[in-house]
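Student: Can you read through this structure? Questions will come right after.
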Amino acid sequence: MLAVAFLPAALAAKTVTSTIPICFVTGADPVNQGLVAGRGNVTGVAFFSALLGAKRLGLLHELVPAAGTFALLVNPNNANAESLTRDLQAAGHTLGKQILVLPASTEREIDRQFASLDQQQVGALIVAPDAFFDSQRDHIVELVARQAIPAIYERHEAAAAGGLMSYGANVADAYHQAGIYTGRSLRGEKPADLPVMQPTKLEFVINLRTAKALDLTIPPGVLAIADEVIE
């Protein structure tokens, strides 16, 4: 038997069995979260989403170098929230930028945080990786468009829905990797012998239609490193 799960489900499954193989797909650090330790029954694919925060900030900085304040929309209930916030604030300090943290864990809180942006003189927005934010993707993209500020997301789907940019793991590839581990576990291999995998593909996507609506010119160097350009 095999359980395939995101972080909360995988952690719950681990508490009830130490023998049934568990395969996870998560953006959190599986070691810090207590998923994998020693020769256990858990393995899978880790995005390490929080580690990409500084890169997302850097990409936004290339677009709006004069902006002094960048906002981070983050779900405080996310396992990565603290480390992502800390790393982004350190990266912002290096660039001479202020990082305004906007915590939100409900749709109402998201709306309230966006309503406050006009008073904060925010030059750009980073939407932190989060499953709840994924479920609110279209709503968040619409709110960003109303504010007319550049924003970057984790998932390709956000850029396809009208977000300016996305940078993160290729989700289909990660699930493919997890599927390979599932098959190997079903054939009798032990999770302890299958090291946690990192994604083999990171995607950088730019939506030129959104850039045009924001009256933004994408620097040639940024365009050159994009994996996909939506026109």
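The values are calculated or read from the model by the stated rules, or taken from the named source; none is laboratory data. Predicted model, so just to flag it, every value in this text is computed and none were measured. Cβ placement follows ideal geometry from the backbone for every residue including glycine, while neighbour counts extend to all protein chains displayed.
Student: Select from region 99-115 the residues that are farther than 25 Å from His61 by Cβ and assigned to a helix (DSSP H, G or I) and list them in ascending order.
Tutor: Glu107, Arg108, Glu109, Asp111, Arg112, Ala115
Student: Same structure again: Please work out if Ser18 is within 19 Å of the chain's Cα centre (by Cα) and hydroxyl-bearing (Ser, Thr, Tyr).
Tutor: Numbers: within 19 Å of the chain's Cα centre (by Cα): no; hydroxyl-bearing (Ser, Thr, Tyr): yes.
No: the conditions fail for Ser18.
Student: Mind checking which residues of region 38-88 are under 19 Å from Asp130 (Cα atoms), hydroxyl-bearing (Ser, Thr, Tyr) and without any contact (Cβ under 8 Å) to a residue 60 or more places away in the chain?
Tutor: Passing the criteria: Ser83, Thr85.
Student: Next up: Looking at region 113-128, I want the residues that are over 13 Å from Ala67 (Cβ atoms) and have a partner that is in a loop (DSSP other than H, G, I, E, B) with Cβ atoms under 6 Å, at least 6 apart or on another chain. Which pairs are those?
Tutor: Gln113/Ala104
Student: Still on this model: Being surrounded by 14 or more Cβ atoms within 10 Å (Cβ to Cβ), under 24 Å from Glu107 (Cβ atoms) and under 14 Å from the mean Cα position of the chain (by Cα) narrows it down to one residue among Ser49, Ser83; which is it?
Tutor: Ser49
Student: Which of (1) in a loop (DSSP other than H, G, I, E, B); (2) at pLDDT 95 or above is the odd one out, the single condition Phe70 does not satisfy?
Tutor: It fails just one condition, (1).
Student: Which pairs have Cβ atoms under 8 Å, sit 6 or more apart or on different chains, and link a residue in region 89-101 that is more than 14 Å from Leu117 (Cα to Cα) and assigned by TED's automatic domain parsing to the domain that holds Leu60 to one that is basic (Lys, Arg) and not in a helix (DSSP H, G or I)?
Tutor: Taking only residues 6 or more apart or on different chains, not a single pair turns up.
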